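See below for the structure under consideration.
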Amino acid sequence: MAQYGKADYWEARYTKDPDPFDWYQSYASSPAMRDLIRRSVPSSGTILVPGCGSSRLSEDMLTDGYVNGIVSVDQSLTVINALEDRLKGQPSLQCTWWRRFAPARGPPAPLSQPSTAPSPLRAQSEL
């Protein structure tokens, strides 16, 4: 049985299968989803995408004009690094990636040493 609530499950999944994946529908390829979001979410605000995983939702929305900031949060260091790599070379996209969030019971144990090099895409590396 899948262990969706466990960080180790997601680290293993994203290490084994690093390709982007959207659970419901892709923003870019679903006109109905894209139109619903356009009608419901103003492009002038900052948007939070909790548990972003490997979805392309954040970057597709940035490309579609949501450029005031999208904060994509995930507990998987592997998936956050992959998202940062996908956004390299796209300096016009303004996005902040957080390495992980702290669950109510306290911060998770470190998965690896955080990079010491500053990232223009990461305004805050740890919470």
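A few comments on the model shown:
- Tensor-based shape of the range 7-98 (alpha-carbon gyration tensor, a/c under 1.5 rounded, otherwise prolate or oblate): prolate
- Order by protection proxy (mean Cβ within 10 Å, highest first), peptides 62-72, 37-47: 62-72, 37-47
- Per-residue Karplus couplings for the range 72-82, computed as 6.51 cos²θ - 1.76 cosθ + 1.60 with θ equal to phi - 60°, are listed in order as 9, 10, 8, 7, 8, 4, 4, 6, 5, 4, 5 Hz, Gly and Pro entered as x.
- Distances between placed amide hydrogens fall under 5 Å for residue 70 paired with 47, 96, all partners being 5 or more residues away or on another chain.
- Each residue of the range 55-62 was assigned a 3J(HN,Hα) from its phi angle through the Karplus curve 6.51 cos²θ - 1.76 cosθ + 1.60 (θ = phi - 60°); the sequence is 4, 8, 3, 4, 5, 5, 5, 4 Hz, with glycine and proline shown as x.
Throughout, read-outs are computed from the coordinates displayed, never taken from laboratory work. The structure presented is a predicted model; accordingly, all values stated were derived computationally and were not measured. With ideal geometry, Cβ positions are generated from the backbone for all residues, glycine too; neighbour counts draw on all protein chains shown.
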